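Remarks on the structure that follows.
The values are calculated or read from the model by the stated rules, or taken from the named source; none is laboratory data. What you are looking at is a predicted structure, and each value in this text was computed from that prediction instead of being measured. A quick note on method: Cβ atoms are made from the backbone with ideal geometry, for glycine too, and the neighbour counts reach across all protein chains shown.
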Amino acid sequence: MFSAIATGLLLAPVVLSHGIITTPPSRAIGPAISTACGQAITSAIKSDNTSYVEQLTKLASADSKFNPAACDLYLCKGLQFSDNSANVQTWKAGDVVPIKIWLRIPHEGIANVSIVSTKQNKKVGDFLKLWTAGYAPGKSTNDVPLSQREFSVTVPSGLETTCANAGDCVLQWWWLGTAAKQTYESCVDFKIAGSAAYQGVEFTA
Ligand SMILES: [Cu+2]
């Protein structure tokens, strides 16, 4: 797989496919990622939207149009909010959000789900899900325990300011196949709904 990618061959998506969030809708390509990340990365994600970060970093190093200031491949694989601004979930603390992962090819490793502040690419609060070993074992989708592919997370409290605006935060699923050394990321854009109970002086500053 690595040598095929190194020589620039694009295999059929079914061969390369690994994993992505399918519910809620996750970040996808659009015009902004071409500008930020260059056409090679855009084409790679278009051909396989479950591709892994290390493949994309190789493409980046060979593309003069890759702009590292605008394209952080370790944040949602460089997928841009402005391409996804029509697809923002609105949540409030305590909401239980069902997540579905399309995990096409397993690579056993570690994984987590967290809220990430996009400005600093920094986790906000505790992990919402955490697998410290044994994530995505086996050879095909059905080898992976259903609980690793379909689960729910509870929207934490304390995000009302940090994640008030669409684009400021994402829910990110992150998975590292430890032997394969392949990193997967998939992001859901969301904002925290304003609460009538808090429209007082505390939140007007
Ligand atoms: Cu792989």
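Quick check on S186: is it at pLDDT 95 or above, outside any loop (DSSP other than H, G, I, E, B) and surrounded by fewer than 17 Cβ atoms within 10 Å (Cβ to Cβ)?
No.
Name every residue in the range 155-179 that is within 16 Å of the ligand (Cβ to nearest atom) and either more than 19 Å from the chain's Cα centre (by Cα) or within 23 Å of R27 (Cβ to Cβ) (or both), in order of residue number.
Here is the first cut: in the range 155-179, the residues within 16 Å of the ligand (Cβ to nearest atom) are 174-179.
Of everything in the range 155-179, those that are within 16 Å of the ligand (Cβ to nearest atom) and either more than 19 Å from the chain's Cα centre (by Cα) or within 23 Å of R27 (Cβ to Cβ) (or both) turn out to be W174, W175, L176, G177, A179.
Taking the conditions exactly as written (part of a loop (DSSP other than H, G, I, E, B) and either in contact with an Asp or Glu (Cβ under 7 Å, 6 or more places away or on another chain) or farther than 17 Å from L75 by Cβ (or both)), does A166 satisfy them or not?
yes
Return yes or no: is N121 polar (S, T, N, Q), within 17 Å of the chain's Cα centre (by Cα) and away from the ligand (no atom under 16 Å from the Cβ)?
On the way: polar (S, T, N, Q): yes; within 17 Å of the chain's Cα centre (by Cα): yes; away from the ligand (no atom under 16 Å from the Cβ): yes.
Spelling it out, N121 is indeed polar (S, T, N, Q), within 17 Å of the chain's Cα centre (by Cα) and away from the ligand (no atom under 16 Å from the Cβ).
Among the residues of the range 28-40, is there at least one that is under 30 Å from S152 (Cα atoms) and within 14 Å of the chain's Cα centre (by Cα)?
yes
Just one of T57, T22 is more than 16 Å from the ligand (Cβ to nearest atom) and out of contact with any Ser or Thr (no Cβ under 6 Å at 6 or more places or on another chain); which is it?
The unique qualifying residue is T22.
Among all residue pairs at least 6 apart or on different chains, which show Cβ distances below 6 Å where the first residue, located in the range 28-54, is under 27 Å from A179 (Cα atoms) and the second is in a loop (DSSP other than H, G, I, E, B) and among the β-branched types (V, I, T)?
T42/I29; I45/I29; K46/I29
Can you pull out the residues in the range 31-53 that are within 16 Å of the ligand (Cβ to nearest atom) and not charged (D, E, K, R)?
Scanning the range 31-53 gives A44, I45, S47, N49, T50, S51, Y52, V53.
If you check S152 against the conditions, is it more than 16 Å from the ligand (Cβ to nearest atom), surrounded by fewer than 18 Cβ atoms within 10 Å (Cβ to Cβ), in a strand (DSSP E or B) and more than 14 Å from the chain's Cα centre (by Cα)?
yes
Among (1) within 16 Å of the ligand (Cβ to nearest atom); (2) within 16 Å of G19 (Cβ to Cβ); (3) of a type in the set (S, T, N, Q), which single condition is N112 missing?
Here N112 clears every test but (1).
Could you pull out the residue among G30, G38 that is at pLDDT 95 or above, out of contact with any helix residue (DSSP H, G or I) (no Cβ under 6 Å at 6 or more places or on another chain) and over 30 Å from D143 (Cα atoms)?
Of the residues listed, the single one that is at pLDDT 95 or above, out of contact with any helix residue (DSSP H, G or I) (no Cβ under 6 Å at 6 or more places or on another chain) and over 30 Å from D143 (Cα atoms) is G38.
Regarding I101, is this residue within 16 Å of the ligand (Cβ to nearest atom), in contact with a helix residue (DSSP H, G or I) (Cβ under 6 Å, 6 or more places away or on another chain), not in a helix (DSSP H, G or I) and not hydroxyl-bearing (S, T, Y)?
yes
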